[in-house]
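Below is one structure, written out as structure tokens, with a few remarks after it.
The values are calculated or read from the model by the stated rules, or taken from the named source; none is laboratory data. None of these values were measured; they are calculated from a predicted model. Every residue, glycine as well, gets a Cβ built from its backbone with ideal geometry; the counts of neighbours run over all protein chains shown. These area figures cover heavy atoms from the full protein model, side chains too; ligands, DNA and RNA do not enter into them. Shrake-Rupley method; radii C 1.70, N 1.55, O 1.52, S 1.80 Å.
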Amino acid sequence: GSSLTSNAKPCNDSEFQEILNRLKAAEENSDRLDITNEICNGRTFTGKQILTFIETTPSVKTRLGMVEVLAPRSSDPGASQCVVESFRFSEEKEEVTMAFKKRENL
């Protein structure tokens with residue numbers, strides 16, 4: 001079993017909304033990364049939730065950073081597909097795919 005997801009609880013709708021509002025309100029991408037690091041403790045996320053979170057910034061670099069943190073905490077193995085598809089370039093898709101693979105290797 002994975003240490004990250006074994007005791008984690010799925011992120012519920014109200015938590016999701018609260019996190020989303022915080023991410024939208026953040027002015028700096030560094031703040032978004034801080035929030036992402038903070039919210040991931042003890043929670044798992046669906047692919048759709050992760051996608052919605054990363055869509056709060058136009059910065060590809062920040063999106064990738066957020067995916068690095070969130071992907072290993074995805075609750076559904078199939079989650080990666082919609083997130084991978086949201087990136088345009090193959091290097092980015094590759095990086096995202098690798099981030100999700102970490103979940104399986106834990």
- If we ask which residues in the range 89-102 are touching a residue at least 12 places away in the same chain (Cβ under 8 Å) and either closer than 11 Å to Gly47 by Cα or open to solvent by 50 Å² or more (accessible area, probe 1.4 Å) (or both), their number turns out to be 3
- For the range 85-106, enumerate the residues that are in contact with a Phe, Trp or Tyr (Cβ under 8 Å, 6 or more places away or on another chain) and within 27 Å of Asp13 (Cβ to Cβ). Val96
- All positions within the range 48-88 that are open to solvent by 40 Å² or more (accessible area, probe 1.4 Å), basic (Lys, Arg) and within 18 Å of Glu38 (Cβ to Cβ): Arg63
- Query: Ala8: modelled with pLDDT under 95 and open to solvent by less than 50 Å² (accessible area, probe 1.4 Å), yes or no?
  - Reply: yes
- Message: Residue under question is Lys24, and the condition is that it be touching a helix residue (DSSP H, G or I) at 6+ places or on another chain (Cβ under 9 Å), surrounded by fewer than 18 Cβ atoms within 10 Å (Cβ to Cβ) and among the basic types (Lys, Arg); does it hold?
- Response: no
